[in-house]
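Visitor: Sharing a structure below in structure tokens format, with a few things to ask.
Please treat every number below as a calculation from the coordinates, not as lab data. Small disclaimer: the values here were computed from a predicted structure and weren't measured. Here Cβ is always computed from backbone atoms with ideal geometry, including for glycine, and neighbour counts include all displayed protein chains.
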Amino acid sequence: MNVLPMEIPEVLVVEPTVHGDDRGFFFESYSRRQFAQVGVADEFVQDNHSRSARNVLRGLHYQVQRPQGKLVRVVAGAIFDVAVDIRRRSPSFGKWVGLELSAHNRRMVWIPAGFAHGFLALSEYAECLYKTTDYWAPKHERCIAWNDPDIGIVWPLKGAPMLSGKDMQGMRLREAEVFD
């Protein structure tokens, strides 16, 4: 497994070692031992699976209590995945990083607690699997606007995104409840 820090070094790109031949491929998508060796010793308690049509934009989500670290990967299609640092005391507060995750490139991204997370489906449909370090807690869930000009995420959009009602109500970072 190859692990690369992004511009915000706590967010990690994970490239698994893929063993392939004419029959197909095999790789370990998660090994507690290997992740601990690169500094990710968090315990995962929940696995989630989402399917999104092209141009669906989900996020930017986080939980103010029971914050979640997430290990995200795509098993069908492609997404543009984004993490925004919302730790007020961090030197990268309000900054974002993004990358394409796809079934083809098999990359994963580790997003620690303290970040808002979102993604845009780039393909006809995209299926994401992600592990979380805490359970979903709807009463603690918050949403930052996907298009907050103070953050300035450059989404690879073609037309207007498809948003949920919750995501249409996302707040500006300057008004949002964040982490110290």
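Visitor: If I stretch the segment between Asn147 and Arg66 completely, what's the gain in nm (0.36 nm per residue apart, minus their alpha carbon distance), one decimal?
Guide: 26.6 nm
Visitor: Where does the longest stretch of the chain lie that holds no GluC sites (Glu not before Pro) found in a DSSP loop with 15 or fewer other Cβ atoms within 10 Å?
Guide: 44-123
Visitor: If r is the Cβ-Cβ distance from Asp21 to Ser50 and R0 is 41 Å, what FRET efficiency results, to the nearest 0.05?
Guide: Rounded to the nearest 0.05, the efficiency is 0.85.
Visitor: From the phi angles alone, apply the Karplus equation (6.51, -1.76, 1.60; θ = phi - 60°) to the stretch 17-29 and give each ³J(HN,Hα) in whole Hz, x where the residue is Gly or Pro.
Guide: 7, 9, 9, x, 7, 5, 7, x, 8, 9, 7, 7, 7
Visitor: Given the -39500 (n - 2.57) contribution per DSSP H run of 4+ residues, what per-residue ellipticity at 222 nm results for the chain, rounded to the nearest 500 deg cm²/dmol?
Guide: -1000 deg cm²/dmol
Visitor: Hey, if you put +1 on the Cβ of every Lys and Arg and -1 on every Asp and Glu Cβ in the chain, which of Leu101, Thr133, Leu12 ends up farthest toward the positive end of that dipole?
Guide: With unit charges placed on the Cβ atoms, the residue in question is Thr133.
Visitor: Also: Would you please give the residues with an amide H less than 5 Å from that of Val11, counting only those at least 5 places away or on a separate chain, with H modeled from the backbone geometry?
Guide: Here Met6 satisfy the definition.
Visitor: Enumerate the calculated ³J(HN,Hα) couplings along the stretch 33-44 in order (Karplus 6.51 cos²θ - 1.76 cosθ + 1.60, θ = phi - 60°), each rounded to whole Hz, writing x wherever the residue is Gly or Pro.
Guide: 4, 5, 5, 4, 5, 9, x, 10, 9, 4, 8, 8
Visitor: Could you work out how much longer the chain between Glu28 and Glu175 gets when fully extended? Use 0.36 nm per residue separation minus the Cα distance between them, nm to one decimal.
Guide: 48.9 nm
Visitor: Sticking with this one: Could you give me the ³J(HN,Hα) list for the stretch 166-180, computed from phi with Karplus coefficients 6.51, -1.76, 1.60 and θ = phi - 60°, whole Hz, x at Gly and Pro?
Guide: So the J values, rounded to whole Hz, are 4, 6, 5, 9, x, 8, 5, 4, 5, 9, 7, 6, 10, 8, 6.
Visitor: Assuming R0 = 35 Å, can you tell me the calculated FRET efficiency for the pair Ala36 and Val154, based on Cβ-Cβ distance, to the nearest 0.05?
Guide: After rounding to 0.05, the efficiency reads 0.55.
Visitor: Among Gln65, Ala53, Val38, flag the residue with its Cα farthest along the positive direction of the charge dipole of the chain, charges on Cβ as +1 for Lys/Arg and -1 for Asp/Glu.
Guide: Of Gln65, Ala53, Val38, it is Gln65.
Visitor: Suppose each label sits 7 Å from its Cα in the direction of the beta carbon; what would the Ala137-Lys95 distance come out to in nanometres?
Guide: 2.8
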